[in-house]
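Engineer: I have a structure I would like to understand better, so I am pasting it below and will then ask my questions one at a time.
The values are calculated or read from the model by the stated rules, or taken from the named source; none is laboratory data. What you see is a predicted model; the values in this text were computed from it and never measured. All Cβ positions, even for glycine, are placed from backbone atoms using ideal geometry, and neighbour counts span all protein chains on display.
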Ligand SMILES: Cc1ncc(COP(=O)(O)O)c(C=O)c1O
């Protein structure tokens with residue numbers, strides 16, 4: 001049988017705003033000969049992100065992973081930090097890379113976000129903090145996590161790499177915890193090629209992170225901190241500014257595709273589309289399908305069939321960080337306390353969406369799934 005798509009359909013194919021506007025900004029940048037080091041485009045970009053999210057500070061960085069590392073260090077985390085295993089591996093690596101032990105807590109299978117009671121069970125005398133992840137752009141249980149953090153004197157921050165443009169309990173994600181980390185990687189619905197940021201309402205923390213991302217320089221010859229190089233460059237900020245003007249179009253395309261998936265997959269036994277709470281603001285970036293035990297075929301059979309038709313649907317975040325190195329060696333028995341993580345990781349499929357995918361394409365993807373599920 002021939003493939004339903006002649007070209008590969010990717011998850012996270014970049015959304016690209018007005019090219020002319022981008023080239024105009026790049027031209028001005030060349031005229032100024034100011035390419036990096038906190039240039040005017042980065043400053044404008046930071047201001048617009050802070051305004052969009054309603055936070056006091058946006059500290060733009062070269063990517064989300066370095067933004068995580070800098071936020072972790074600026075918060076003074078040490079020893080052990082509790083994170084979900086069901087996340088992109090960078091959440092754990094950002095800790096490990098700095099000699100901090102990520103301790104994995106289980107998730108709520110209904111939301112795929114950290115279960116606060118599971119977090120509580122993983123606290124030891126060495127625990128210094130918690131990093132919640134707003135997985136798939138759906139807000140983590142912020143109130144219960146702050147309660148756990150406050151009770152035990154732990155710092156609480158969020159990996160909000162999926163959640164730019166999303167609200168939770170009516171508030172924009174970005175203002176929860178001590179700091180929240182964004183990723184603007186090319187595959188995110190909003191991109192700056194590569195890029196990231198830490199957003200916070202804490203003036204002192206923002207100041208520390210600005211020093212850290214620029215080698216600890218305070219003035220020309222004065223280093224006051226052992227910093228790193230986490231700076232965003234001007235060309236990335238130009239992309240960000242242009243894509244900020246395009247963001248509503250992208251969200252609308254994602255929303256339309258999400259509804260088209262709802263329709264295309266309705267009634268398939270054992271195949272559930274994870275809902276968005278439409279009372280919140282959503283970026284509709286992650287179209288999550290769960291294949292339950294009632295389904296006639298396995299998750300992997302569906303993914304294989306999609307791939308055969310050139311639809312590169314993904315098994316994020318299988319098999320979970322605890323089954324990747326170095327955590328597999330560190331915690332050979334972690335699966336015992338991560339039952340929900342293991343089950344969810346084995347049943348999720350992430351579907352393609354974005355501005356380059358038409359509603360009719362979604363219908364065809366639905367036909368492939370229906371064909372194999374029967
Ligand atoms: C949950 C999560 N955290 C962290 C990152 C790392 O961000 P970046 O790729 O910008 O370094 C990503 C995505 O790439 C992510 O999905």
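Engineer: In the list 91, 101, which residue meets the criterion of being within 16 Å of residue 162 (Cβ to Cβ), at pLDDT 95 or above and surrounded by 16 or more Cβ atoms within 10 Å (Cβ to Cβ)?
Structural biologist: On inspection, the qualifying residue turns out to be 91.
Engineer: Tell me which helices (runs of 4 or more DSSP H) are completely within the range 45-157 and hold 1 or more residues being within 15 Å of the ligand (Cβ to nearest atom) and touching a helix residue (DSSP H, G or I) at 6+ places or on another chain (Cβ under 7 Å), or say none if there are none. If you could, list the steps in order and put the result at the bottom.
Structural biologist: Numbers: elements: 64-74, 90-96, 116-121, 142-152.
Where helices (runs of 4 or more DSSP H) fall fully within the range 45-157 and carry at least 1 residues being within 15 Å of the ligand (Cβ to nearest atom) and touching a helix residue (DSSP H, G or I) at 6+ places or on another chain (Cβ under 7 Å), they are 64-74, 90-96.
Engineer: Within the range 322-374, take every residue that is assigned to a loop (DSSP other than H, G, I, E, B) and without any contact (Cβ under 8 Å) to a residue 24 or more places away in the chain and give me the one that is surrounded by the most Cβ atoms within 10 Å (Cβ to Cβ).
Structural biologist: By that ranking, first place goes to 358.
Engineer: Would you list the helices (runs of 4 or more DSSP H) that sit entirely within the range 196-289 and hold 1 or more residues that are under 25 Å from residue 156 (Cβ atoms)?
Structural biologist: 203-212
Engineer: For residue 296, work out the one condition from (1) in a loop (DSSP other than H, G, I, E, B); (2) surrounded by 16 or more Cβ atoms within 10 Å (Cβ to Cβ) it doesn't fulfil.
Structural biologist: So residue 296 meets the others, but not (2).
Engineer: Could you run through the range 9-44 and say how many residues are part of a loop (DSSP other than H, G, I, E, B) and over 23 Å from the mean Cα position of the chain (by Cα)?
Structural biologist: Count: 8.
Engineer: Hey, residue 200 hits all of (1) at pLDDT 95 or above; (2) surrounded by fewer than 22 Cβ atoms within 10 Å (Cβ to Cβ); (3) more than 16 Å from the ligand (Cβ to nearest atom) but one; which does it fall short on?
Structural biologist: For residue 200, the exception is condition (2).
Engineer: Any residue at all in the range 15-37 that's within 16 Å of the ligand (Cβ to nearest atom), modelled with pLDDT of 95 or more and buried (at least 20 other Cβ atoms within 10 Å of the Cβ)? Break it down stepwise before answering.
Structural biologist: Of the residues in the range 15-37, the ones within 16 Å of the ligand (Cβ to nearest atom) are 15.
In the following step, the residues that additionally are modelled with pLDDT of 95 or more were identified as 15.
Still in the running and buried (at least 20 other Cβ atoms within 10 Å of the Cβ): 15.
Checked against the condition, which is being within 16 Å of the ligand (Cβ to nearest atom), modelled with pLDDT of 95 or more and buried (at least 20 other Cβ atoms within 10 Å of the Cβ), the range 15-37 yields at least one hit.
Engineer: It is to be established whether one or more residues within the range 164-181 are within 9 Å of the ligand (Cβ to nearest atom), in contact (Cβ under 8 Å) with a residue 60 or more places away in the chain and either within 20 Å of residue 278 (Cα to Cα) or touching a helix residue (DSSP H, G or I) at 6+ places or on another chain (Cβ under 9 Å) (or both).
Structural biologist: Yes, the range 164-181 contains a residue that is within 9 Å of the ligand (Cβ to nearest atom), in contact (Cβ under 8 Å) with a residue 60 or more places away in the chain and either within 20 Å of residue 278 (Cα to Cα) or touching a helix residue (DSSP H, G or I) at 6+ places or on another chain (Cβ under 9 Å) (or both).
Engineer: OK, next. Determine whether the range 182-197 contains at least one residue that is in contact (Cβ under 8 Å) with a residue 24 or more places away in the chain and away from the ligand (no atom under 12 Å from the Cβ). Don't jump to the end; show me each part of the working.
Structural biologist: Filtering the range 182-197 for residues in contact (Cβ under 8 Å) with a residue 24 or more places away in the chain gives 182-197.
From what's left, away from the ligand (no atom under 12 Å from the Cβ): none.
The answer is no; no qualifying residue exists.
Engineer: Considering only the range 2-36, state which residues are in contact with a helix residue (DSSP H, G or I) (Cβ under 6 Å, 6 or more places away or on another chain) and closer than 24 Å to residue 252 by Cα.
Structural biologist: 15, 17, 18, 21, 22 - these are the residues of the range 2-36 that are in contact with a helix residue (DSSP H, G or I) (Cβ under 6 Å, 6 or more places away or on another chain) and closer than 24 Å to residue 252 by Cα.
Engineer: Next up: Please work out which one of (1) surrounded by 18 or more Cβ atoms within 10 Å (Cβ to Cβ); (2) touching a residue at least 40 places away in the same chain (Cβ under 8 Å); (3) in contact with a strand residue (DSSP E or B) (Cβ under 8 Å, 6 or more places away or on another chain) is the condition residue 156 fails and give its number.
Structural biologist: (2) is the only condition that residue 156 fails.
Engineer: Something else: Has the range 305-320 got at least one residue that is in contact with a helix residue (DSSP H, G or I) (Cβ under 7 Å, 6 or more places away or on another chain), modelled with pLDDT of 95 or more, part of a helix (DSSP H, G or I) and surrounded by fewer than 22 Cβ atoms within 10 Å (Cβ to Cβ)?
Structural biologist: The answer is yes; a qualifying residue exists.
Engineer: Scan (1) over 30 Å from residue 333 (Cβ atoms); (2) without any contact (Cβ under 8 Å) to a residue 40 or more places away in the chain for the single condition residue 97 breaks and write down its number.
Structural biologist: Residue 97 satisfies every listed condition except (1).
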